[in-house]
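Take a look at the structure set out below.
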Amino acid sequence: MSRTAGGPSGEKALAAILDDARCTATAVEQLSAAQPLSLAAAYRIQAIALDARVSRGERVVGLKLGFTSEDKRRQMGVHEVISGWLTDAMRIEPGSCLDLAGFVHPRVEPEVAFLLAEDTEEDGAPGQADGCRLQLVAAAPALEVIDSRYRDFRFSLPDVVADNASAAAFVVGDWQPVPDNLRSAAVQLVFDGDIVAAAHADAILGDPVNALPAARQLFADTVSEAGNHMAPALAAGMVLMAGAATEAFPLAAGTEVHVVVEGLGRVGFTTGPVRSTAR
Ligand code: OOG
Ligand code: MG
C-alpha cells in the first residue's frame, strides 16, 4: 500500500478514533504511535472527521491557524503552522457559561479573529479553495479553547493535524474594521481579573493580518493536496482565527476568562457547571 495510515479505509478508521475520543471526552494514544502518519494523510483524516460532524448536522463556520506564534511553538514543540476547521457547535456566546465536562483537558488562548469576505478587486476564479478571492473585512478579539484528544496533551505535527488542530470551542467579540496598526496592539489574557499572559499582536505571524496569506499557503501546500477531496473550501462569511499570541493556559471550573485586544475591545466567558452547546 502506497499511502501511510493504511489507505482510505485506514484513514476512515483513524478519523473515527479521534471523533469518538472527542465525543466521549476520552484521551487516546497518538495515532503515529501505531503507524507512520504523513502530513498529507493527517489533513485527509482531519477532513474525514469533519465530514462526520457535518453529516450529523454541524456547519463549517471557519478556519483556525495554529502555531503562528513563537510562544505556542515553544510550548508544544511543534514548529510549523497548521490549520483546523471551526463549526457552529464550537461557538461560545460571549459572556456565557462554558461547561468543561465535555472536554478532556481544555486550555484557553488569546487570539485575533478575522471575518472573510469576497474580494471584488482581485482576479481569480470564484470558489477557489485556497481563498484567492477572499479578503479580511473585519477583526475581533477572540479566545480559543483547545482540547487535544491525545493523552497528556502531547502530539507530533501530523497527530495534532489529524486531531483538527485541537479545536474545541471559540468565542469572538464584536467585529470592527481591521485597524491599520493591529500588529502593535497589546493582547492580554485575563483570569478572574488577573492578567495571566500578555503579548503584542505582532507575536502572531509578525502581523495577524498575515493569517490570510498563511492560510492560502497551507491550502496550496497541504490542506487540499494529495487527494484531500473532502476538505471544505475557505469562503466568504467564514471566521479566520489567526492563532494564539501567547501560550495556552489550563481552564478550571468557576473562572471568568476574557481577552483584551487593544483597539478591538474584549470578549470572554465563564467556566461552570451549566451545559453549553459548545464542545
Ligand atoms: C494545537 C493548536 C494550536 C494555536 O493557536 O497556536 C493553536 C495545540 O496547541 O494543541 O490553536
Ligand atoms: Mg489557537
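At a glance:
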read-out	value
Residues satisfying the stated conditions in the stretch 149-204, i.e. of a type in the set (Gly, Ala, Ser) and either open to solvent by 10 Å² or more (accessible area, probe 1.4 Å) or farther than 17 Å from residue 83 by Cα (or both)	156, 173, 184, 185, 186, 193, 197, 198, 199, 201, 203
Whichever residue in the stretch 135-148 is more than 15 Å from residue 111 (Cα to Cα) and open to solvent by less than 10 Å² (accessible area, probe 1.4 Å) and, among such residues, is farthest from ligand 1 (Cβ to nearest atom)	147
Unmet requirement for residue 58, which otherwise passes all of (1) open to solvent by less than 20 Å² (accessible area, probe 1.4 Å); (2) modelled with pLDDT of 95 or more	(1)
Residue among 247, 225 that is part of a loop (DSSP other than H, G, I, E, B), touching a residue at least 12 places away in the same chain (Cβ under 8 Å), within 16 Å of ligand 2 (Cβ to nearest atom) and among the acidic types (Asp, Glu)	247
Total residues in the stretch 220-279, condition modelled with pLDDT under 95, open to solvent by less than 50 Å² (accessible area, probe 1.4 Å), more than 16 Å from ligand 1 (Cβ to nearest atom) and hydroxyl-bearing (Ser, Thr, Tyr)	1
Within the stretch 68-103, considering residues that are near ligand 1 (Cβ under 9 Å from one of its atoms) and among the β-branched types (Val, Ile, Thr), the one farthest from residue 161 (Cα to Cα)	68
Qualifying residue in the stretch 101-113 (condition: closer than 25 Å to residue 268 by Cα, acidic (Asp, Glu) and modelled with pLDDT of 95 or more)	yes
Residues located in the stretch 191-222, provided they are touching a Lys or Arg at 6+ places or on another chain (Cβ under 8 Å) and touching a residue at least 60 places away in the same chain (Cβ under 8 Å)	201, 208, 209
Extreme residue, most open to solvent (accessible area, probe 1.4 Å), among residues of the stretch 67-119 that are away from ligand 2 (no atom under 16 Å from the Cβ) and assigned to a strand (DSSP E or B)	118
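The values are calculated or read from the model by the stated rules, or taken from the named source; none is laboratory data. All values derive from a computational prediction rather than experimental measurement. Positions of Cβ are backbone-derived with ideal geometry, glycine not excepted, and every protein chain shown enters the neighbour counts. Note: areas computed on protein heavy atoms with side chains; ligands, DNA, RNA excluded. Shrake-Rupley method; radii C 1.70, N 1.55, O 1.52, S 1.80 Å.
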